1. For the stretch 24-47 and the stretch 330-363, what is the separation of their C-alpha centers, rounded to whole Å?
2. Based on the Cα coordinates of the stretch 174-229, what is the per residue volume of their convex hull in Å³?
3. Percent relative contact order of the stretch 503-629, based on C-alpha pairs within less than 8 angstrom and at least six residues apart?
4. Taking the beta-carbon count within 10 Å as an exposure proxy, list 520, 414, 538, 501 from fewest neighbours to most.
5. Using Cα atoms only, what is the angle between the long axis of helix 306-315 and the major principal axis of the chain, expressed in degrees (0 to 90) to the nearest 10?
6. Find the relative contact order for the chain and round it to a whole percent, using C-alpha pairs within less than 8 Å whose residues are 6+ positions apart.
7. Of 263, 558, how do they rank once you tally other Cβ atoms within 10 Å and put the fewest first?
8. Give the cross-link partners of residue 540 among the lysines, using a straight C-alpha distance below 18 Å as the criterion and excluding same-chain residues fewer than 8 apart.
Amino acid sequence: MSDDELIWRVAGGSGDGIDSTSQNFAKALMRSGLDVFTHRHYPSRIRGGHTYVEIRAAAHEVQSRGDGYNFLLSLGDSFARNPQEEAYYGNEEIKPLSENLDELREGGIIVYDEGLVSEEDVEEINLEERAEENDWHVFPMDLRGLAKEHGREVMRNTAGVGVTAALLDMDLEHIEDLMSDAMGGDILEANLEILHEAYDMTNEEYEFEHDLRAPTGSHDTEQALLSGSNAIAYGAIDAGCRFIAGYPMTPWTDVFTILSQNFPDMGGISEQVEDEIAAAALALGASHAGAKAMSGSSGGGFALMSEPLGLAEMTETPLVLVESMRAGPSTGLPTKPEQGDLEFVLYTSQGDSSRVVFAPGTIEEAYEQTRLAFEIAWDYQIPVIVIYDQKLSGENKNVDVEFFDREPAPDLGSTLTEEELKEAAHDASGKFKRFNYEDAENNVAPRSLPGQKGGRYLATGNEHSPVGHIEEDPDNRVAQMTRRIEKLDTIRDELDEEHPSNQTYYGDDDADYGIITWGSSHGAVAEAVERLNEDGHSVKGVTVSDMMPFPEAEMTEFLESVDEAMVVEMNATAQFRGLIQKELGLFGEKMTSLLKYNGNPFEPAEVVEGYEVNLAEEDREPTAQVRIEPAAGD
């Protein structure tokens, strides 16, 4: 973490408005000209349980969460189930303070709500002693009492923001503007009053001895604060998607909700159904009928989609599915990030699979690769899966609004018109040879839609003849199976020629060592590579998005160019490293792994330390909760 950045953490209980407070403060920082990046940590409870959101803000670009943080606003947990220390989960009221101290940097600031947290609680966690050891600047404020004076306890969040602004010497203009956008009337007046009262009270009661101030910066273009879920939803809309079916499951629910909110204004349809089997089946049926359709879930729900996924592959019905990973197995850590579903998404279903899988690593890639998913699915009549995780789903970052200035793409790809169907091959019964492998350009047999004249055919999950009848002839089986599988070769060629940016490279091309990652760990790895090079190491990195078909040529070239490589991923079994070795059949002795699976995403410093221990061979154990797995043969 550099000295010219603010990393502000607001902590409280689930239900205390931590998420909305942090989003508004992040927007205020963005509007003041700063780059922002948020990280959200929350329990799998509807109300109560320690939660926090971290906002990293700087005048320079920020790509990931930082290393620790330097400002804590602890609101306490007003929904604590049991405030007694001897309770099973301990004293939950004080956890937003006590459980956030280990990562607070030296010289940091602590503001806590003494209206909720008692003096006895503070003494029990030895706050005064720890503050002296770490040069922390502690500001107890009765935020709860101040809020009650103005009529509503929930406004202690606004009071906390006012205190924060005073301590950081921030102007209140952008905060006031956001409040005015979000509320009105008496509620707005009360919140503005408490904001200013807390701001003035802080300036009057305390002399500031800390050096931390809000950075200053400016933007050349208009900015929007978006999450990966926003980007996937907007990418689907711009790709022409107008049907979605799903069942809520964290963290996939965000994409489902955003599309459900927007579809009514654009003639789209959203269906919440009884389970994920029905969701995928409805989307499959909508696509068969001529709509651009999608569905999705998180790991447990996506498991139920295996059967409809196989049906989409066999009937060659275009379909986009999203799979939002969370820590497993089973329910696991349902609100924490992990990259543990890769092998499951690549290989679930029946028999030999023919699907495409993209794993975006940034908000911009989430938008672009979702659009690309629809393009590939409808051009090649193949299911395409966008795999991401809770980190990318929920983190927010500022993005240039101009980035989304794209033309919509509503076309249905390789779908014939009635005029074209007149010239297409039919059998003696008049049925359209929908699965005609003899004249399939790029292994794609153009499809018709129900109701089109001359477009009648059968669609079945069994192996079938060109018109769709169940067919077990060995020659037909080989021809149809080969055609479906070889679509992936054609898609790989198209991706290499037209979308090489799906893999992101950073560092010096001539570097001696490589760091490889995938998905949402991109930002932490990119920043780590930059730091390592600044410290005199010779390192380059790559973030891979194409999981299937795999970019064999690109990854072979990258691995051949380095002496050793470290693969960084958030799972316990090195799934992406295993995929590289499976696809290339080489480089097992060149690659080591840096694995993290404790429910928290990587910080850049952890990747730097992993490199120093792993590849630079420093004789020490890493201090972070990560695991190093040596190369094969070591």
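Values quoted throughout were computed directly from the atomic coordinates according to the rules given, and no laboratory measurement underlies them. Quantities reported herein were computed from a predicted structural model and do not represent experimental measurements. With ideal geometry, Cβ positions are generated from the backbone for all residues, glycine too; neighbour counts draw on all protein chains shown.
1. 26
2. Hull volume normalised by residue count: 148 Å³.
3. Computed value for the stretch 503-629: 27 percent relative contact order.
4. With the sparsest Cβ surroundings first, the list reads 501, 538, 414, 520.
5. Once rounded, the angle reads 40 degrees.
6. Details: 1347 pairs, mean separation 69.2, N = 634.
Relative contact order here is 11 percent.
7. In order of increasing Cβ crowding within 10 Å: 263, 558.
8. Those lysines meeting the cut-off are 590.
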